[in-house]
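Notes for the one structure printed next.
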Amino acid sequence: MPIPEMRKVPLVGAVACGEPIYREEDEWISLPTEIKADFCLRCEGDSMINAGINDGDIVFIRSCPEVENGQIAAVSIDNEVTLKRVYYYPEKNKLVLNPENPAYEPFVFVNEELNDIRILGRAVILLSEIR
């Protein structure tokens, strides 16, 4: 089996799998060129464990300003980043960010609260240690 062609993607910081966080890092992670990702984030916390995303995993993100309901995305909240399953209800002007761990409550944003929220991109692949 041939080794796939690789390229480097910037690891731009940490993403909360719990409360939102942000921290700059200067590191690059290699991945096969056929995987369409623009950057990656190191996961911290356990709010996404039922989606198979654990503390210390690296999630690769494809930049996009919107995602479909139910997709996992990196979301900026007041310039801090969290990884959650996204549900947007435009008729109610409401955004729900659901964790994948029943120990955590969803984040719910409505009306002008949405002004401080920005979708950074959709999670496309995960690099995880075997546990």
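The values are calculated or read from the model by the stated rules, or taken from the named source; none is laboratory data. All of these numbers come straight from a predicted model, not from anything done at the bench. Don't worry about glycine lacking a Cβ; one is built from the backbone with ideal geometry, like all the others, and counts go over all protein chains shown. Only protein heavy atoms, including side chains, enter the accessible area calculation; ligands, DNA and RNA are left aside. Shrake-Rupley method; radii C 1.70, N 1.55, O 1.52, S 1.80 Å.
In table form, for the structure just shown:
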{"quantity": "Per residue convex hull volume, Cα atoms of the chain, in Å³", "calculated": "110"}
{"quantity": "Long-range HN-HN contacts of L120 with modeled amide H, under 5 Å", "calculated": "A74, V75, S76"}
{"quantity": "Carbon and sulfur %, accessible surface of the chain computed with the full protein complex present, 1.4 Å", "calculated": "50"}
{"quantity": "Dimensionless Rg over Rh [segment 79-131; C-alpha; Kirkwood]", "calculated": "1.03"}
{"quantity": "Label-point separation in nm, E105 to S63, each point 7 Å along Cα→Cβ", "calculated": "3.5"}
{"quantity": "Count of lysine pairs in the chain with Cα separation under 28 Å (8 or more residues apart, or interchain)", "calculated": "5"}
{"quantity": "In sequence order, calculated HN-Hα J values of segment 76-86 (Karplus, 6.51, -1.76, 1.60; Hz; x Gly/Pro)", "calculated": "8, 10, 6, 6, 10, 10, 10, 10, 8, 7, 9"}
{"quantity": "Length released on extending from R131 to E27, taking residue separation times 0.36 nm less the Cα-Cα span", "calculated": "35.1 nm"}
{"quantity": "Signed unit charges on C-beta, dipole axis of the chain, positive-most listed residue V75, L114, G52", "calculated": "G52"}
{"quantity": "The chain - accessible surface per residue (Å², probe 1.4 Å)", "calculated": "58"}
{"quantity": "Packing rank of 77-85, 39-47, 60-68, where each peptide gets the mean count of other beta carbons within 10 Å, highest leading", "calculated": "39-47, 77-85, 60-68"}
{"quantity": "Long-range HN-HN contacts of I125 with modeled amide H, under 5 Å", "calculated": "F60"}
